[in-house]
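Chemist: Sharing a structure below in structure tokens format, with a few things to ask.
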Amino acid sequence: MDTSLDRRRFHRLSIGAVGASLGAALPALAQAPGGRPLVLGMTLEPPGLDPTAGAAAAIGEIVLYNVLEPLTKVAEDGSARPLLALRWSASADQKTWTFTLRSGVRFHNGAPFDATAVKFSFERAAAPNSLNKDRRVFENIAAIATPDPLTAVLTLRHPEPDLPALLAQATAVIVEPGSAAGNAQNPVGTGPYHVAQWQRGASLTVAAWPGFRDAASIRIPRVQFRFIGEPAAQVAALLAGDVDAFPRVAAARALSQFKAQPRRFQVITASSRAKTILAINHQRPPLGDVRVRRAIAMAIDRKAVIQASADGYGVPIGSFVTPDAPGYVDCTAINAYDPAAAKALLAQAKATGLSLSLKLPPVPYARQGGELIAAQLAAVGITARIEQIEWAQWLSSVYGSKAYDLTVIAHVEPYDFGNFARADYYWGYRSPAFNALYERMQGSADPAERARLFGQAQRQVAEDAVAAFLYQPQWITVARAGLKGLWSRTPLFANDLSALSWA
């Protein structure tokens, strides 16, 4: 999701402690090669830097492909490409996958990368005490064989044709066994950059790692991620030249200023696999009643919310899958906007005069859209008490402790549909019927059968009104005209610095 992390995952790091740990861990590194550095804007600051122990998307925006690397890499079109694995193959039943690893790779601390590190990383992710948000992916691995240092053979419990793409996500990065416990503060990876400085509340800087296997290919020697939450401040920083690029910037209302200066700026509008929803806590009475949840969904005019929340840059959705995703089924007619029907359902459920908390994290889309959602709920007799909270509160109280009724959030991961089968997930959806359907889908190796069952699962999630599904965002990137290699599509939240260069 956009950010999500329980209270155990939130690491409070002082500036001095972070600086000291980085300095102690990297004494022998040479200076980064010469060249023009880059300042890249981000809306949110990550709570830590270990994507295998925290679900905040901001972690991956910094470390994925840059500091920590998985076996594969998601390309702009959403397909999986080689990274630490040169190639892979699968058995006919999609249950045995063989990965051939890249040779001569080392971690930032000098330790060798090999099949043992892969085995350690995936077993760690699947462990009962794992904080990995995609633990189900790794629990599906029944055995990991390492016949030689450059071969890893994964035997799965259930077929998984999307395994190469799943292993390209931040949750699947390969960690160095001896340093993994400290990755939240000082991530040790195999990537082209290492963390050089973290000024909490302001910025984080990564520098090119001279020991990278292809150091000559690094074209930008140093990148500072600058954290700017307010939309007006984001626009001002770009116009002033303080920020060179701002992926997923909240600048829709100011785009004319940038488009009017094509020699200075480029503007990219990208599709996404993100799903912005009004999440509902099923464990809070009377929200466990499907009639109440359906009434909430029917009270909301998605198109109006898109205008208020994203300045029109979005596409309505009726379930938890985006229109450009494989296997998408259009569910927007299920629980469509109908205030009269919403009032009738509330009356049937004896839930008139309902008062609920609506906790809004600090991202602009939540704050802007939340005000309108509260007004639309009021029109059917539901009082939504808005509470504007900071990310630390959202992470600990909403996602961690489930202390909320309603919240607005964007889930940005492309392969997170399986969260509906997690009884402990923060929305508290518990459906034996859905679980059985999902298990049947996961157990099938036939593409047509999987697609059919996936369609059924999407419809059930919509009919159960697990959440009020709002829209697929279209992300805006504004950058200097001379910066090359920016994504024009956003299959997941990442900033692949190795692809960037100055003209």
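The values are calculated or read from the model by the stated rules, or taken from the named source; none is laboratory data. What you are looking at is a predicted structure, and each value in this text was computed from that prediction instead of being measured. Note that each Cβ is placed from the backbone with ideal geometry, even for glycine, and that neighbours are counted across all protein chains shown. The protein model used for the area step is the full one, side chains on, heavy atoms only, and it has no ligands, DNA or RNA in it. Shrake-Rupley method; radii C 1.70, N 1.55, O 1.52, S 1.80 Å.
Chemist: Relative to the longest principal axis of the chain, what angle (0 to 90°, nearest 10) does the C-alpha long axis of helix 364-378 take?
Modeler: 10
Chemist: Another question, if that's okay. As a test question: what accessible area, to the nearest 10 Å², does Val235 have when a 1.4 Å probe is rolled over all protein chains in place?
Modeler: Taking all protein chains as shown, Val235 has close to 20 Å².
Chemist: Additional query: Probe of 1.4 angstrom, ligands and nucleic acids ignored: what's the accessible area per residue over the chain, in square angstrom?
Modeler: Using a 1.4 Å probe on heavy atoms only, each residue of the chain averages 37 Å².
Chemist: Quick check: the angle from helix 115-126's long axis to the longest principal axis of the chain, C-alpha only, nearest 10 degrees?
Modeler: 20
Chemist: Report Trp502's accessible area, 1.4 Å probe, all protein chains in place, as a number in Å² to the nearest 10.
Modeler: The value for Trp502 is about 50 Å².
Chemist: So how do Thr322, Thr352 rank on accessible area, 1.4 Å probe, biggest first, that is with the largest at the start?
Modeler: Thr352, Thr322
Chemist: Additional query: With all protein chains present, calculate the accessible area of His411 using a 1.4 Å probe and round the result to the nearest 10 Å².
Modeler: His411 has an accessible surface of roughly 0 Å² with all protein chains in place.
Chemist: Using 1/(1 + (r/R0)^6) with R0 = 41 angstrom and r between the beta carbons of Ser103 and Arg263, what's the FRET efficiency to the nearest 0.05?
Modeler: After rounding, the FRET efficiency stands at 0.35.
Chemist: Rounded to the nearest 20 Debye, what is the dipole magnitude of the chain about its Cα centre when Lys and Arg each give +1 and Asp and Glu each give -1 at the C-beta?
Modeler: In total the dipole reaches around 520 debye.
Chemist: Can you compute the label reach from Arg200? Point 7 Å from Cα along the Cβ direction, backbone N cut-off under 15 Å, restricted to the stretch 44-58.
Modeler: 45-50
Chemist: Can you find, among Gln94, Leu83, Gly104, the residue farthest towards the positive end of the dipole of the stretch 76-116? Put +1 on the C-beta of Lys and Arg, -1 on that of Asp and Glu.
Modeler: Gly104
Chemist: For the stretch 209-265, give the percent of accessible area contributed by carbon and sulfur heavy atoms, probe 1.4 Å, rounded to a whole number.
Modeler: Roughly 49 percent of what the probe reaches on the stretch 209-265 is carbon or sulfur.
Chemist: Using a 1.4 angstrom probe on heavy atoms only, work out the carbon and sulfur share of the accessible area of the stretch 25-152 in %.
Modeler: On the way: 2580 of 4920 Å².
The C+S portion of the solvent-accessible surface of the stretch 25-152 is 52 percent.
Chemist: On to the next question. Show the residues, 5+ positions off or on another chain, whose built amide H is closer than 5 Å to the amide H of Phe265.
Modeler: Sorted by chain and number, the residues that satisfy this are Ala481.
Chemist: Sorted from largest down, what three extents in whole angstroms do the Cα atoms of the chain have along their principal axes?
Modeler: In descending order, the Cα extents are 69, 55, 39 Å.
Chemist: To continue, here is another question. For the chain, how many pairs of lysine residues have a Cα-Cα distance under 26 Å, where the two are 8 or more positions apart or belong to different chains?
Modeler: Close lysine pairs found across the chain: 22.
Chemist: Now a separate question. Angle check, please: helix 231-240 long axis (alpha carbons) against the longest principal axis of the chain (alpha carbons), in degrees 0 to 90, nearest 10.
Modeler: Helix 231-240 and the main axis of the chain meet at about 40 degrees.
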